[in-house]
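The values are calculated or read from the model by the stated rules, or taken from the named source; none is laboratory data. The structure displayed is predicted, hence computed values, not measured ones. Cβ: placed from backbone, ideal geometry, glycine included. Neighbour counts: every protein chain shown. Each accessible area value is taken on the protein alone, full model and side chains, heavy atoms only, with ligands, DNA and RNA left out. Shrake-Rupley method; radii C 1.70, N 1.55, O 1.52, S 1.80 Å.
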Amino acid sequence: MDTIDKKNIALVAHDYKKKDLIEWALFNKGVLAGHSLFATEATGNLVEKELNLPVTKVKSGSMGGNQQIATKISEGEIDILIFFWDPLAQLPSDPEVKALLRIGMAWNIPVACNRATADFLVSSPLLNSSYQKQQPDYKAQGKENLSESFFSDTDENYGLLLTI
Ligand SMILES: O=C(CO)COP(=O)(O)O
């Protein structure tokens, strides 16, 4: 049997998206069982109960759990973030939600925010194999240098950048 490269997968869902996440997770239980699961508190409790799989839980998202997951991402402890956030609700934790998504981008981990993307993600052959992600080097490229190198080019190239 092929051995799989185990990933640390964080699962987070807003209340109106928890049903969606649990349905998705149940459908993909066989795949998820081969990996290590992390979650915010209420999401994690549901995953444990419905999937009967172990979950490392942090605090509830709105009580610091979003930041805890973000910290784990920046410490290299989370490989994949599945975050079904609610696009129809304004929440007090919106700044932390944005921060978590930003950290996922900054550390170049795969982030799925809806079921379709999560489906594509779990069906990728890369999920079970070793994958060396590119690590952004923000130290070498300070923000000013970055925007200079992007925008000191001709107007034509500047226009091109805005369209990609
Ligand atoms: O609030 C959340 C995401 O912002 C999720 O937290 P819970 O999983 O504890 O509901």
Review point. Using 1/(1 + (r/R0)^6) with R0 = 30 angstrom and r between the beta carbons of SER124 and LEU26, what's the FRET efficiency to the nearest 0.05?
Key: 0.95
Practice item. Sticking with the crude label model, points 7 Å out along Cα→Cβ, report the distance from GLU77 to ASP137 in nm, one decimal please. Key: 2.8
Check your understanding: Please state the relative contact order of region 8-130 as a whole percent: Cα pairs under 8 Å, 6+ residues apart?
Key -> 28
Exercise for review: State the percentage of accessible surface on region 8-130 attributable to carbon and sulfur atoms; use a 1.4 Å probe and exclude ligands, DNA and RNA.
Suggested key: 57
Review point. For region 117-131, list residues with backbone N below 14 Å from a point placed 7 Å from the Cα of THR3 toward its Cβ?
Key: 129-130
Exercise for review: Mind checking the full-extension length gain between THR56 and LYS98? Use 0.36 nm per residue of separation minus the Cα-Cα distance, one decimal, nm.
Suggested key: 12.9 nm
Practice item. Could you order LYS57, LYS6 so the one with the most accessible surface comes first? Probe is 1.4 Å. Key: LYS6, LYS57
Check your understanding: Ignoring ligands, DNA and RNA, what accessible area per residue does region 1-81 give at 1.4 Å, in Å²?
Key -> 52
